[in-house]
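Reviewing the structure listed below.
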Amino acid sequence: MLRLCTVLFLTLSLAACQVFTHSAIQAQDDSLYKNLGELEGITKIIDIFIYEIGETDEVLHHFEDSNIDRFREKQIEHLCLLSGGPCEYTGDEMLEVHQGMNITQADFTAITNALIRALDEAGVSIGDRNRLLAIIASMHAEVVYQ
Amino acid sequence: MTAPRNFLKTLAYFCCCFGVFVEVSHAGGQLIGSAGVTQMEGSAGGGIVPWATITGYGTRDEQSSTAFSSFVSVDDYRMRAYGVAHGFNNRTEVSVARLEVSAKDGGTELSENIIGLKVRLFGDLIFTPWPQVAIGAQYKHGLNAKGLPASSDSTGTDFYVAATKVWLDGPFHRTLAVNTTLRFSKANQLGLLGFGGDNSDDRDLLIETSVGLFLTRNWLVGGEYRQKPDNFNAFKEDDWKNIFVSYLPNKQMALTAAFVDLGNIGGLSDQNGGYISLQLSY
């Protein structure tokens, strides 16, 4: 029995490594988009997200020169596209936007936490939240310490 | 050795050690849960396995400190571990821990001090497609040389390499953490029974693994396996296993409870029981 547990354990670790090593860039279908409540739900999420960023003092300096209306519009487009929705993202490339902003890991975490609070408040399930976070995490290298 | 006195002693010890680091700039710029907890020998990890994580939630711009206290009770023994660790810029970890075991019949009491050093080589457990990889050493100094079998040394050092990976969107769309560690060691029962023995006096290459699934951001369940050496002819040493649940209400605290199967210890077989551990982070 114990030996079995051990074998099961090692197999599970190896299987996990093989199944989940793909890094998500964008949702494969529109199920996440639908679960987020389509364009209406996504608009609500981004509105709460912007409010939550406003409550996060340590990152506000990054937004001093931002046009909030434009930021809101591009965020909605981007989230729609990333979640598999029928939108076109007309904003700049992630690397281009964030280059020279000196965004630290702590900034990235603070903004991710603001998004998590927005998703929670909008009633997004844990599973859908994790799907979205995995997509966002795949953009980490283009955002942080650039 | 009354429990409340022990607890107060431990608490006082924590407060002193925390005081040392108060002047340093601290923060917690990593996602909750990404630091793991502290394993029995004082390194950041699971309950019994050191991980590639650097203790606390510090980023490359930050310092982080943790303190932990763990209690194990199995059929014939009690174990207690406590200590502090400091993470420098998510790169290097230094830890100091004390490990004590006593037989419930009042016979044996053994203890050791452990100094740990860990360096993250490369990778980020969440943000790189490859795992976070670290190397580490645990220098262990036994305090009861007379109580040890004649064929073993009272002091020794373990070396290990650990790889940790987190998949935010894992099975069932839950976040999965997997760690595998290779340890080069001749420590008997973590070194409490000395190093090496009459059966073998060389270091063995041992595999250890932890798997955990975050049911929510605050609740983690999983299991661990740790292969052990078997250096004595007179009594056997078995591999260790546990299944655990951790509660992380915030980045300052983590509480872990586990069922542990420690097998044969010092000639007494089937040592099963419970484990509870508290970690505080700053």
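At-a-glance table
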{"quantity": "In the stretch A:120-146, residue nearest to the other protein chains (Cβ to nearest Cβ) [restricted to those that are of a type in the set (A, V, I, L, M, F, W, C) and in a loop (DSSP other than H, G, I, E, B)]", "calculated": "A:144"}
{"quantity": "Residue in the stretch A:88-95 that is among the aliphatic types (A, V, I, L, M), part of a helix (DSSP H, G or I), on the phi < 0 side of the Ramachandran plot and in contact with a Leu (Cβ under 8 Å, 6 or more places away or on another chain) present", "calculated": "no"}
{"quantity": "The stretch B:47-64 residues that are within 12 Å of chain A (Cβ to nearest Cβ) and closer than 21 Å to residue B:159 by Cβ, paired with ones that are among the aliphatic types (A, V, I, L, M) and buried (at least 24 other Cβ atoms within 10 Å of the Cβ) (beta carbon under 9 Å, 6 or more apart)", "calculated": "B:49/B:162"}
{"quantity": "Spans of strands (runs of 3 or more DSSP E) in the stretch B:166-282 with at least 1 residues in contact (Cβ under 8 Å) with a residue 12 or more places away in the chain, touching a strand residue (DSSP E or B) at 6+ places or on another chain (Cβ under 8 Å) and within 9 Å of chain A (Cβ to nearest Cβ)", "calculated": "B:175-185, B:204-214, B:219-226, B:240-250, B:253-261"}
{"quantity": "Residue within the stretch A:66-73 that is within 14 Å of another protein chain (Cβ to nearest Cβ) and without any contact (Cβ under 8 Å) to a residue 60 or more places away in the chain present", "calculated": "no"}
{"quantity": "Extreme residue, farthest from residue B:159 (Cα to Cα), among residues of the stretch B:127-146 that are surrounded by 15 or more Cβ atoms within 10 Å (Cβ to Cβ) and of a type in the set (Gly, Ala, Ser)", "calculated": "B:142"}
{"quantity": "Selected residue (only one of A:84, A:100 is assigned to a loop (DSSP other than H, G, I, E, B), within 14 Å of chain B (Cβ to nearest Cβ), small (Gly, Ala, Ser) and touching a residue at least 24 places away in the same chain (Cβ under 8 Å))", "calculated": "A:84"}
{"quantity": "Any hit, the stretch B:132-148, residues being within 14 Å of chain A (Cβ to nearest Cβ), under 21 Å from residue B:210 (Cα atoms), in contact with a strand residue (DSSP E or B) (Cβ under 6 Å, 6 or more places away or on another chain) and at pLDDT 95 or above", "calculated": "yes"}
{"quantity": "Enumeration of residues in the stretch B:88-125 that are of a type in the set (A, V, I, L, M, F, W, C), within 14 Å of another protein chain (Cβ to nearest Cβ) and surrounded by 14 or more Cβ atoms within 10 Å (Cβ to Cβ)", "calculated": "B:125"}
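The values are calculated or read from the model by the stated rules, or taken from the named source; none is laboratory data. Computed from a prediction, not measured in an experiment: that's the story for all the values here. Reconstructed Cβ throughout: ideal geometry from the backbone, glycine too, with neighbour counts over all protein chains shown.
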